[in-house]
1. Restricting to region 48-76, name every residue that is surrounded by 17 or more Cβ atoms within 10 Å (Cβ to Cβ), out of contact with any His (no Cβ under 6 Å at 6 or more places or on another chain) and over 22 Å from SER279 (Cα atoms).
2. Pull up region 338-386, narrow it to residues that are among the small types (Gly, Ala, Ser) and more than 28 Å from LEU295 (Cα to Cα), then point me to the one that is surrounded by the fewest Cβ atoms within 10 Å (Cβ to Cβ).
3. Scan LEU92, LEU117, LEU138 and give me the residue that is in a helix (DSSP H, G or I), under 23 Å from GLN249 (Cα atoms) and not hydroxyl-bearing (Ser, Thr, Tyr).
4. Would you say SER262 is under 26 Å from TRP195 (Cβ atoms), more than 15 Å from the chain's Cα centre (by Cα) and modelled with pLDDT of 90 or more?
5. Evaluate the following for LEU311: is it farther than 26 Å from HIS418 by Cα and assigned to a helix (DSSP H, G or I)?
6. Picking from VAL351, VAL401, which residue would you name as being under 23 Å from LEU90 (Cα atoms) and either at pLDDT 85 or above or touching a Ser or Thr at 6+ places or on another chain (Cβ under 8 Å) (or both)?
7. Among the residues of region 355-364, is any outside any helix (DSSP H, G or I) and at pLDDT 85 or above?
8. Going by the structure shown, is ALA292 surrounded by 18 or more Cβ atoms within 10 Å (Cβ to Cβ), in contact with a helix residue (DSSP H, G or I) (Cβ under 9 Å, 6 or more places away or on another chain), over 25 Å from GLY66 (Cα atoms) and touching a residue at least 40 places away in the same chain (Cβ under 8 Å)?
Amino acid sequence: MAEKLMRDAETGGAHPDELLIDAEASDEAVQRQPLPVRQTWLLLLGLVLVALNLRPALSSMAPLLGQVSSSLGLSAAQAGLLTTLPVLCLGLFAPLAPILARRFGSERVILGILLTLAAGILVRSTLGVTGLFLGSILAGASIGVIGVLLPGIVKRDFPQHAGTLTGVYTMALCLGAAMAAGATVPLAQHWDDSWPFGLGFWVLPALLAMLIWLPQARQGHGAHHVAYRVRGLLHNPLAWQVTLYMGLQSSLAYIVFGWLPSILIGRGLSPTEAGLVLSGSVIVQLVSSLSAPWLATRGKDQRLAIVIVMLVTLAGLFGCLYAPLEGLWGWAVLLGLGQGGTFALALTLIVLRSRDAHVAANLSSMAQGFGYTLASMGPFAVGVVHDITGGWGAVGWIFAVLGVGAIGFGLKAGRALHVQVVSERI
């Protein structure tokens, strides 16, 4: 397996288990010389800490959303916009990542964007309504850029172990989200029930990541870039099917991040209990995010796997929304298993539907840019529906429409085909 991964790295081929897409893969693959052991471990620690910071700004708001809305006088639609803005920025700012990386180097860009992430967290928690929205935009934009660059560094510096480190990367994302979802309310309560402290606490992991990442930014890496152009992607139906599957499953995921605690609080749970349910559900994603892609690549295509994980996701969502609270933790576990699988399969499809790394990089940019922009509409729609109806029951229709749409486009995207585009050196 290690020899196969090395051959794929040398030839630009995409291995089915290699889920990380290089944000700079539209250039010739250039890897630095093997690092000394100490530098390797420092880089790995830095990668994990940076990845840990890619979800707390999103998942920390949800358990406190009711308290924040009450404190600042936000309507449900405004609260929905607050959950929408960071996700929208994930899509809008992702295309900036390769441009910045080519100009300044990935390592330096990540260090600088960690600073803007920390600034966004502080602004969001200290400057009232204006700061709340401005900080959310800063945080979402920062996460969008880092989320594209970080996998590229993994692929460049650890080509033989990209598949293994995919699991580490996914684990760090889930762990960061779970920590913030479960700990934010207790932190706020410990500090005189102060929601600004609960939200602002997450600047500390960002600052720690900056400190550990600083040696990488100082060293950087030199690369001789040979640009490639991929033509025809926006006119390819399969590319849009992959993109729409990515966007629709992500929309459900960010509804969970943004609104699940509020839904559960509305059903009678305390903010602390609701945050813990979200945290537990996210932790469970570790199991399926690691196993679903492996199982999906064992068959002739991914259609059956896509249907199964989406049906499990919908069962968990409807259970959390309608079923008796006595069985809530079972539904939350089911939800986590489903959503971990849907996200991992979305990443897998980008690789499997691409003939080479150059196409994969461009398809990844398309799927994240358009997909996350589409995904942002889900949390906003939940806020609008809740504002109109005054309850949560009608939100189930949003779940159903998004889930059925994801299954439909997933069945198309899951076929054993490649996007038909032209990849040429320029």
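1. LEU74
2. ALA381
3. Unique residue meeting the criteria: LEU92.
4. No, not satisfied.
5. Against the criterion (farther than 26 Å from HIS418 by Cα and assigned to a helix (DSSP H, G or I)), LEU311 does not qualify.
6. VAL401
7. Within region 355-364, not a single residue is outside any helix (DSSP H, G or I) and at pLDDT 85 or above.
8. yes
The values are calculated or read from the model by the stated rules, or taken from the named source; none is laboratory data. Being a predicted model, the structure only gives us computed values, none of them experimental. As a convention, Cβ positions derive from the backbone with ideal geometry for all residues, glycine included, and neighbour counts pool all protein chains shown.
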